[in-house]
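Okay, structure first, notes after.
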Amino acid sequence: KLKEVKRINQEKKAKKESKIMNDVFNNEFIVQNGHFKGMKYIKRSNGSALLPKILGSYEEPIQKWIMEVIEDEKYKNILDIGCAEGYYACGFSMRIPDAKITAYDICEDARKNSIELKELNGLSNIEIKAECTHEELNSKSKSNTLVFCDIEGFEQVLLDPSKAPNLKYVDMLIESHDCLVPNITEELISRFYKTHSMRIIVDYPYRINKYDTPQKLTNNQFNYITDEIRPKFMKFIYMKSFEGKI
């Protein structure tokens, strides 16, 4: 019975989102605003809401940081760990064509979707892989590298300078999952405060920027599209290495 209820709810959600794609976006799967505006998109996502990515409102609190990454022009390598279907990996690949993007996800379906998104946008400076081990992370943690990490609490295990000591040389933008691993933000701070400067922002349950759409939005449509269905008090940390070189 629970499976049947879940199936019915999924069908209702799919029908509603299909109508919004038609009524608001003219059924065009193209990012409409923000740092990845113009990126062609696939018709599904892995582990997160699709519509905020089409609108360009996804993870609004860190959008200024993303633009900083793009405009800085310092990053020659970006490691996107937990890339899902490739929103950031392909977005960075598109916006920083001289950088080498390595995207990781342990989910096979996510990797397949990332490859499809990569090919849809004709991107060549991106490699898609499965697990990022401590050895892999340490070997790729060199100067002018950004580690972009969203791995559902596993950051507690992976981002360990005792096992990947070269992390002290890279910048890191991390989604911190205190909702899954209590006090993980404080733990990450304690690991890296001697080697990195830090900025922290807490996600807020609304979106405040203005977004253009092909068709006019109603308030209800805007609220539905921008709802990322997140736990409360999600945190993001942007760490910048004091040394930045090996």
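The values are calculated or read from the model by the stated rules, or taken from the named source; none is laboratory data. Please read all numbers here as calculations on a predicted model, not as lab measurements. Here the Cβ is made from the backbone with ideal geometry for all residues, glycine too, and neighbour counts use every protein chain on show. When the accessible area is computed, the model is the full protein with side chains, heavy atoms only, and any ligands, DNA or RNA have been set aside. Shrake-Rupley method; radii C 1.70, N 1.55, O 1.52, S 1.80 Å.
Per-residue answers, yes or no, for (1) over 16 Å from Glu155 (Cα atoms); (2) in contact with a Gly (Cβ under 8 Å, 6 or more places away or on another chain); (3) modelled with pLDDT under 95:
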| site | (1), (2), (3) |
| --- | --- |
| Leu180 | no, yes, yes |
| Ile184 | no, yes, no |
| Arg191 | no, no, no |
| Pro205 | yes, no, yes |
| Ile208 | yes, no, yes |
| Gln215 | yes, no, no |
| Thr226 | yes, no, no |
| Met239 | no, no, no |
How many of the residues in region 1-54 are assigned to a helix (DSSP H, G or I) and either open to solvent by less than 20 Å² (accessible area, probe 1.4 Å) or modelled with pLDDT of 90 or more (or both)? 18
Would region 55-62 turn up any residue that is open to solvent by 10 Å² or more (accessible area, probe 1.4 Å) and free of Cβ contacts under 8 Å to residues at least 12 places away in the same chain? no
Which ones in region 126-173 are farther than 19 Å from Ser190 by Cβ, of a type outside the set (A, V, I, L, M) and under 18 Å from the mean Cα position of the chain (by Cα)? Glu127, Lys129, Glu131, Cys132, Thr145, Phe148, Asp150, Glu152
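For Lys194, indicate whether it is under 29 Å from Ile30 (Cα atoms) and out of contact with any strand residue (DSSP E or B) (no Cβ under 9 Å at 6 or more places or on another chain).
Against the criterion (under 29 Å from Ile30 (Cα atoms) and out of contact with any strand residue (DSSP E or B) (no Cβ under 9 Å at 6 or more places or on another chain)), Lys194 does not qualify.
Residue-wise test of (1) outside any loop (DSSP other than H, G, I, E, B); (2) at pLDDT 95 or above; (3) surrounded by fewer than 18 Cβ atoms within 10 Å (Cβ to Cβ).
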position	(1), (2), (3)
Ile70	yes, yes, yes
Leu79	yes, yes, no
Phe92	yes, yes, no
Ile106	no, yes, yes
Arg111	yes, yes, no
Ile115	yes, yes, yes
Leu123	no, yes, no
Leu137	yes, yes, no
Phe148	yes, yes, no
Pairs, first under 13 Å from Thr133 (Cβ atoms) in region 149-177, second surrounded by 20 or more Cβ atoms within 10 Å (Cβ to Cβ) and polar (S, T, N, Q), C-beta under 9 Å, six or more apart: Ala164/Ser141
Can you say whether Asn220 is free of Cβ contacts under 8 Å to residues at least 40 places away in the same chain and either under 18 Å from Tyr75 (Cβ atoms) or assigned to a helix (DSSP H, G or I) (or both), as far as the supplied structure shows? yes
For region 137-174, give me each residue that is among the acidic types (Asp, Glu) and touching a Gly at 6+ places or on another chain (Cβ under 8 Å). Asp150, Glu152, Asp171
